[in-house]
1. Most mobile of 97, 388, 421 per a Gaussian network model of the chain (Cα springs, under 10 Å)?
2. Once Rh is set to the Kirkwood radius over Cα pairs, what Stokes-Einstein translational diffusion coefficient, in µm²/s, holds for segment 160-247 at a temperature of 20 °C and a viscosity of 1.002 mPa s?
3. Given a 10 angstrom Cα cut-off, can you work out which residue in 122, 85, 108 is the most mobile in a GNM of the chain?
4. For segment 77-337, what are the per-bin percents of Cα-Cα distances with bins 10 Å wide, up to the bin holding the maximum?
5. How do the peptides 243-250, 366-373, 225-232 rank, highest first, by the average count of neighbouring beta carbon atoms within 10 Å per residue?
6. Would you mind pulling out the separation of the Cα centroids of segment 239-277 and segment 102-159, in Å?
7. Just subtract the alpha-carbon distance of residue 115 and residue 142 from 0.36 nm times their residue separation and send over the number in nm, one decimal.
8. Using the Kirkwood radius over Cα pairs, work out the Stokes-Einstein diffusion coefficient for segment 328-436 at 37 °C and 0.692 mPa s, in µm²/s as a whole number.
Amino acid sequence: MNAVPQERRVVTAIPGPKSQELQARRLDAVAGGVGSTLPVFTQRAGGGIIEDVDGNRLIDFGSGIAVTSVGASAEAVVRRASAQLQDFTHTCFMVTPYEGYVEVCEALAELTPGDHAKKSALFNSGAEAVENAVKIARSYTKRQAVVVFDHGYHGRTNLTMALTSKNMPYKQGFGPFAPEVYRVPVAYGYRWPTGAENCGPEAAAQAIDQISKQIGADNVAAIIIEPVLGEGGFIEPAKGFLPAIVKFANDNGIVFVADEIQSGFCRTGQWFACEDEGIVPDLITTAKGIAGGLPLAAVTGRAEIMDSVHGGGLGGTYGGNPVACAGALGAIETMKELDLNGKAKRIEEVMKARLTAMQEKFPVIGDIRGRGAMVAIELVKDPATKEPYAEAAGALAKACHAEGLLVLTCGTYGNVLRFLPPLVIGEDLLNEGLDIIENAFARI
């Protein structure tokens with residue numbers, strides 16, 4: 001095993017000379033449209049640390065955007081994927097199948113919410129999973145309209161760009177987009193006009209009213225929502241909102257899809273974020289944390305909905321690649337063995353206590369939110385007006401990067417700092433990262 005020492009170390013400027021050299025090569029060879037949060041080139045990573053080519057070790061509060069929840073080189077993932085590499089890399093499940101794919105689908109049936117009969121189909125990426133969930137819902141309901149929510153993010157393919165609510169950088173210049181996609185309000189408590197306590201029921205009533213008036217419930221194939229909105233700013237829909245939307249979907253024969261691509265697999269302290277209010281989705285999409293860093297995604301759902309598609313209607317050359325399936329079984333083994341739901345809850349406890357203390361000192365922190373190891377702070381110019389302060393988020397991220405802490409920004413207004421540490425991070429590194437954030441606030 002490639003054991004990376006679990007300590008922060010800054011030995012050069014960040015990025016250092018070797019990273020800068022590689023960045024020059026990258027600019028010559030890689031398309032300009034592909035961005036990077038921080039152009040330090042990784043040499044190895046594991047636990048809560050990313051080590052770059054210059055020998056700097058950064059504390060990782062990003063997990064490759066919620067992917068390496070079990071760490072970037074988890075023993076069980078490496079062991080199982082390596083063994084599979086020895087046997088075969090690919091046959092295509094649609095040509096000659098293999099057990100790993102079946103095992104992953106069995107694990108998903110066991111772990112996802114609800115005790116109904118479930119089936120799964122495996123794909124390569126989160127966007128592909130969402131796109132296939134729409135195909136399945138349309139096939140099952142014989143309807144076409146798809147309802148999504150303000151601040152939602154669902155991917156970068158043509159259909160999932162249409163589903164995504166944020167123009168820059170995801171949609172700008174890439175249209176026309178897929179038709180029959182409708183957007184309604186979400187229960188964003190911090191920014192709800194009548195206050196967070198009224199937000200859940202009021203937002204649900206507004207959303208349902210718009211669907212009924214503008215689309216007609218009988219025309220809706222699917223309602224798709226992230227139980228904790230990721231790219232939109234780690235928005236937890238106010239209590240009562242999701243149950244009301246689910247009830248409306250159930251009453252009207254609409255397929256309710258939980259997009260758990262960022263929030264799933266122990267990230268929020270539960271296997272899936274929708275469990276928090278007892279939501280049982282008809283379909284659930286997963287990716288990111290599912291396979292310890294290998295590309296894999298899934299749609300899991302009620303057997304009768306999943307089976308409504310004609311034979312050959314779902315698939316893809318690499319979908320459920322055998323090495324990725326082995327990685328997923330290793331990741332799930334690690335999550336169970338190390339009780340990563342418990343670890344995520346502990347991370348939330350530590351982070352929220354520290355961030356709340358910072359908020360008292362720095363009124364620029366307008367809101368602290370999220371669950372488990374999916375925590376964010378929204379930055380505002382004035383707590384009274386709540387005017388978004390994107391420049392502060394950018395400056396803070398930059399200050400943290402210079403000190404050897406990798407943090408990410410997000411939010412519809414670009415004013416949210418999001419924290420997604422690997423669930424296996426040591427508490428000493430977690431606190432050291434929070435010290436760096438606090439010092440950055442004090443300086444800026």
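No value in this document is a laboratory result; all are computed from the given coordinates. Predicted, not measured: the structure shown is a model, and the values here were computed from it. Positions of Cβ are generated from backbone atoms using ideal geometry, with glycine treated the same way; all protein chains shown enter the neighbour counts.
1. 97
2. Details: Rh = 14.1 Å.
This corresponds to a translational diffusion coefficient of 152 µm²/s.
3. 85
4. The distribution over segment 77-337 is 7, 31, 36, 19, 5, 1, given as percents.
5. 225-232, 366-373, 243-250
6. With segment 239-277 and segment 102-159 each reduced to a Cα centre, they are spaced 12 Å.
7. Working: separation 27, 0.36 × 27 = 9.72 nm, distance 2.56 nm.
That pair, residue 115 and residue 142, stretches by 7.2 nm at full extension.
8. On the way: Rh = 14.7 Å.
Here the translational diffusion coefficient equals 223 µm²/s.
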